[in-house]
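A.B. asks: Take this structure, written in structure tokens, and hold onto it; I'll ask about it next.
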Amino acid sequence: MKITKRFNRVIKPLKPINPSTTDFKLKSKTKVRPLKQKPTSQSNLYPNPTFVLEKNPILGPDFYQIDALHLAPRLLGKYLKRDDVVLQITEVEAYRSNDSACHGRVGVTPRTAPLFGPGGHAYVYLCYGLHTMLNVVADKQGIGSAVLIRSCAPVTGLETIKQRRGQDTEKPVLLTGPGKVGQALGITTDWSNQPLFTPGGLELLDGPDVTEIVVGPRVGIDYALPEHVGALWRFAIAGSPWISAPKNTLSPP
């Protein structure tokens, strides 16, 4: 994925960001097309059943050795696997090393230490002491950046997901929110620092390239500096019903 000069202006680490100019465009093999609004029905709630484990290998450590803002959109469409549960990533948020919304802003602590490890590991923390939040650590060791997994779509293990979530539903409410994703995977903070490229644990598998995305400001970071509150560092698959609220802040790049 090539990033335009306009996009690069957003991710320069030391210059302040003007929220009014944080829009960007992404280039990929296929041109990004405008968001298409489609009616949601039970038949299109789920991704196409093309998942075959042997055809979706675990992503290696090198995949993650890039800036969190570049890694975030590349995670869309990829698969998270634990036990019989496979989820397709539909929404993410980038958190960078000099970002006033990132936990790395406080430095290395017992909780944040995994965040400063090498890319490709999990950073898991509790939000409000209740919600288990899964982040994918980005970049080189010592940087302190990650991508939050905000929403997913179920691929396999739906009954296990329902049981872990305590909800007997197949609607997007099942997995639209970062705490719901952590609960569906059955992970705790003990999974923090888990390598995502090691078979048998929590794995991140390759998936289709996503060419239609929407972007917007991140959610729940009012404590951050204005330039970071307004930065368009939230990414989602355009047209997917598996996206968390608020949706009206998302639009094509």
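A.B. asks: Measuring from centroid to centroid over Cα atoms, what is the spacing of segment 75-118 and segment 123-169 in Å?
C.D. replies: Between the Cα centre of segment 75-118 and that of segment 123-169, the gap is 9 Å.
A.B. asks: Counting Lys and Arg as +1 and Asp and Glu as -1, what is the net charge of the other residues whose Cβ lies under 15 Å from the Cβ of residue 248? Spell out each step's value before the answer.
C.D. replies: On the way: positive: 218, 234, 247; negative: 91.
Neighbourhood net charge equals +2.
A.B. asks: To continue, here is another question. With Cβ to Cβ distances under 15 Å as the rule, what net charge do the other residues near residue 166 carry (K, R +1; D, E -1)? The partial results should precede the final answer.
C.D. replies: Details: positive: 162, 164, 165, 171, 180; negative: 159, 168, 170.
After counting each charged neighbour, the total is +2.
A.B. asks: Do you know the relative contact order of segment 115-194, to the nearest whole percent, from alpha carbon pairs under 8 angstrom that are 6+ apart?
C.D. replies: Values: 158 pairs, mean separation 29.0, N = 80.
RCO, segment 115-194: 36 percent.
A.B. asks: With labels modelled as points extended 7 Å from the Cα through the Cβ direction, what inter-label distance (nm, one decimal) is found for residue 111 paired with residue 248?
C.D. replies: Modelled inter-label distance: 3.2 nm.
A.B. asks: Also, I was wondering about something else. Just subtract the alpha-carbon distance of residue 169 and residue 128 from 0.36 nm times their residue separation and send over the number in nm, one decimal.
C.D. replies: Values: separation 41, 0.36 × 41 = 14.76 nm, distance 2.50 nm.
Residue separation times 0.36 nm, minus the Cα-Cα distance, leaves 12.3 nm.
A.B. asks: In a shell of Cβ-Cβ distance under 13 Å around residue 125, excluding residue 125 itself, what net charge do Lys and Arg (+1) and Asp and Glu (-1) give? Can you show the working numbers first?
C.D. replies: Working: positive: 111; negative: 190.
Result for the local shell: 0.
A.B. asks: Using packing as a proxy for protection, rank 232-240, 205-213, 160-168 so that the peptide with the highest average count of other Cβ atoms within 10 Å comes first.
C.D. replies: Details: 232-240: 23.8, 205-213: 18.4, 160-168: 15.3.
Packing order, densest peptide first, comes out as 232-240, 205-213, 160-168.
A.B. asks: Given H placed 1.01 Å from N in the peptide plane, which residues other than close sequence neighbours of residue 117 have an amide H under 5 Å from its amide H?
C.D. replies: 142
Every read-out reported here was derived from the displayed coordinates using simple, explicitly stated rules and does not represent laboratory data. No experiment lies behind these values; they were computed from the predicted model shown. Neighbour counts are summed over all protein chains in view; Cβ atoms, including those assigned to glycine, are modelled from backbone coordinates with ideal geometry.
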